[in-house]
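The structure appears right after this line, and notes come after that.
The values are calculated or read from the model by the stated rules, or taken from the named source; none is laboratory data. Because the structure is a prediction, the values reported are computed rather than measured. Every residue, glycine as well, gets a Cβ built from its backbone with ideal geometry; the counts of neighbours run over all protein chains shown.
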Protein chains: 2
Amino acid sequence: MLLYESIARQIVQEIQEKSLPHGYKLETLDQLTERFNTSKNTIVRALETLEAHGHIYQIRGSGSFVRRRKRNYYLDLLSHQGYQSSLKKLSLTSKLISKEIIPAPEFVCKELDVDLGEPLVYIKRLHYIGNFARTLCIEKSYYKQSVVADLPLEAINDSIFDYIQNELDVMIGFSDTYIKVEKLKKQEADLLKLHVNDPALVIEEIYYTKYGEPFDYSEATYNYEEAYLYAQASSFAK
Amino acid sequence: MLLYESIARQIVQEIQEKSLPHGYKLETLDQLTERFNTSKNTIVRALETLEAHGHIYQIRGSGSFVRRRKRNYYLDLLSHQGYQSSLKKLSLTSKLISKEIIPAPEFVCKELDVDLGEPLVYIKRLHYIGNFARTLCIEKSYYKQSVVADLPLEAINDSIFDYIQNELDVMIGFSDTYIKVEKLKKQEADLLKLHVNDPALVIEEIYYTKYGEPFDYSEATYNYEEAYLYAQASSFAK
């Protein structure tokens, strides 16, 4: 992690720990520069990162101010590596429905930029909130076998992304997220303990390595009664 | 607009005009510095802005690369000032259902940080895609009267945000977006030409001035057959 990133994280932590309110003025550029014993440039970059991620807003000539925090329970669409990772904050349990090696089907080829038939590790899981009490979503994931090799059961039960990053040394770079709303079909309705034609929130995510290679395409169908999303926009032009 | 922002915009425009593919390597830092006849620092900031907004990814020691563009038809949740503004790209028509001055109801007070009863300009509109052919959403907006004074009919028919920025000189800073899925109730179903209990995508947005004052709370109920959202995440820690 670069210095400005670690300073940015430290400031976020302070905002959270002290529950600083919306509009609270942070220390000045000079004060932050002195406190972190670094260059003005590094602080400027840290503040810009914080602004881009919706933690603060900057007013030219006045300083940096804390932004309102999201409502409880809503999950941040843009936190770190997408929606899935912010789910970790909930107490989730999962059930593995199937795991197999399959030849890439056509609709996955264009998402992962692979040839028809290229081997993929396909994993279908059902996620619950709490101890199998409330269904959260059905997740179908397609991983490039050339990137993840095999995913052992321990990795699937734990965190697949932690395994990929720590054990396989594949760094995850960024992701694309697509959201749409549909009506539930029989099979999903049964799994989610809902009714046919109930609303379904469908979130597709494509994850890329830090070298820009797409390696994971997943489609998750959410129980609409449990799905609350949040996104903080910082404006492009100030 | 600051220099690095205008350079960032110019690069985005080039990416779009030339339809540069995912993974396309941009000019080097030195080349960009020379071309834009500016400092390295300014180019670094422009590239970071582009990365934060999901247009490029940077690999340390290798350079900057173009990110995949979103699917056609999906609307960018984070584009400039939220979802509403990216709707402008569709050919939309609107029908004003009501406009009145109302005392702030309780559920709006906490969103806009106002006292109960403070006067708000309340606007309810129905938006269509194309020439009143397909319903897109029902939008209820609550504007602080102390910020927008009155919103004349021309402004409502045109773009309220353009009016606020250009005529009232109130600069819009950023927004919070909340997304949930519900079942349609009778009144909304009728307006959207859908059925009771059909899925409804509900998007709440709170807009702030660049000084951090919340001034507009809006709740839009979307026709699920027309609502496709997109969000590009850049990772926090590279």
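Filter the stretch B:156-195 down to the residues that are farther than 28 Å from A:LEU229 by Cα and of a type outside the set (A, V, I, L, M, F, W, C), then identify the one that is modelled with the lowest pLDDT. This residue is B:ASP158.
Looking for something in a helix (DSSP H, G or I) and either touching a Gly at 6+ places or on another chain (Cβ under 9 Å) or closer than 18 Å to B:GLU5 by Cβ (or both) - is there at least one such residue anywhere in the stretch A:36-44? Scanning the stretch A:36-44, I find at least one residue that is in a helix (DSSP H, G or I) and either touching a Gly at 6+ places or on another chain (Cβ under 9 Å) or closer than 18 Å to B:GLU5 by Cβ (or both), so the answer is yes. Exactly one residue out of A:GLU219, A:GLU204, A:GLU154 is closer than 24 Å to B:GLU51 by Cα and either loosely packed, with under 14 Cβ neighbours inside 10 Å or under 19 Å from the mean Cα position of the chain (by Cα) (or both), and it is A:GLU204. Residues in the stretch A:1-23 that are within 12 Å of chain B (Cβ to nearest Cβ) and under 26 Å from B:HIS53 (Cβ atoms): A:MET1, A:LEU2, A:TYR4, A:GLU5, A:SER6, A:ALA8, A:ARG9, A:VAL12, A:HIS22, A:GLY23. Within the stretch B:167-189, is there a residue that is out of contact with any helix residue (DSSP H, G or I) (no Cβ under 6 Å at 6 or more places or on another chain) and at positive phi? Within the stretch B:167-189 (the criterion being out of contact with any helix residue (DSSP H, G or I) (no Cβ under 6 Å at 6 or more places or on another chain) and at positive phi), the answer is yes, since at least one residue qualifies.
Whether any residue in the stretch B:126-149 is surrounded by fewer than 17 Cβ atoms within 10 Å (Cβ to Cβ), out of contact with any Pro (no Cβ under 8 Å at 6 or more places or on another chain), modelled with pLDDT under 90 and of a type in the set (S, T, N, Q) is what I want to check. Checking the stretch B:126-149: at least one residue is surrounded by fewer than 17 Cβ atoms within 10 Å (Cβ to Cβ), out of contact with any Pro (no Cβ under 8 Å at 6 or more places or on another chain), modelled with pLDDT under 90 and of a type in the set (S, T, N, Q).
Listed by first and then second residue, the pairs with beta-carbon distance under 7 Å, at least 6 apart or on different chains, first residue in the stretch B:1-27 and more than 10 Å from B:ILE56 (Cα to Cα), second of a type in the set (A, V, I, L, M, F, W, C) and in a loop (DSSP other than H, G, I, E, B), are B:MET1/A:ALA237; B:GLU5/A:ALA237; B:ILE7/B:PHE36.
Selection over the stretch A:97-119 of residues that are out of contact with any Gly (no Cβ under 7 Å at 6 or more places or on another chain) and part of a strand (DSSP E or B) gives a count of 7.
Consider the stretch B:36-53 and keep the residues that are at the interface with chain A (Cβ under 8 Å from one of its Cβ atoms) and touching a residue at least 60 places away in the same chain (Cβ under 8 Å). The one that is nearest to the chain's Cα centre (by Cα) is B:HIS53.
Scanning the stretch B:20-56 for residues that are among the acidic types (Asp, Glu) and at pLDDT below 95 returns B:GLU48, B:GLU51.
For the stretch B:182-193, the set of residues classified as touching a residue at least 40 places away in the same chain (Cβ under 8 Å) and closer than 26 Å to A:LEU77 by Cβ consists of B:GLU188, B:LEU192, listed by residue number. When B:LYS185, B:LYS193, B:LYS144, B:LYS180 are checked against the criterion of being farther than 18 Å from B:GLU100 by Cα and touching a Phe, Trp or Tyr at 6+ places or on another chain (Cβ under 9 Å), a single residue qualifies: B:LYS180. Consider the stretch B:56-70 and keep the residues that are surrounded by fewer than 21 Cβ atoms within 10 Å (Cβ to Cβ) and more than 10 Å from every other protein chain (Cβ to nearest Cβ). The one that is nearest to the chain's Cα centre (by Cα) is B:GLY63. In the set (1) in a helix (DSSP H, G or I); (2) modelled with pLDDT of 95 or more, the condition left unmet by B:SER64 is number (1).
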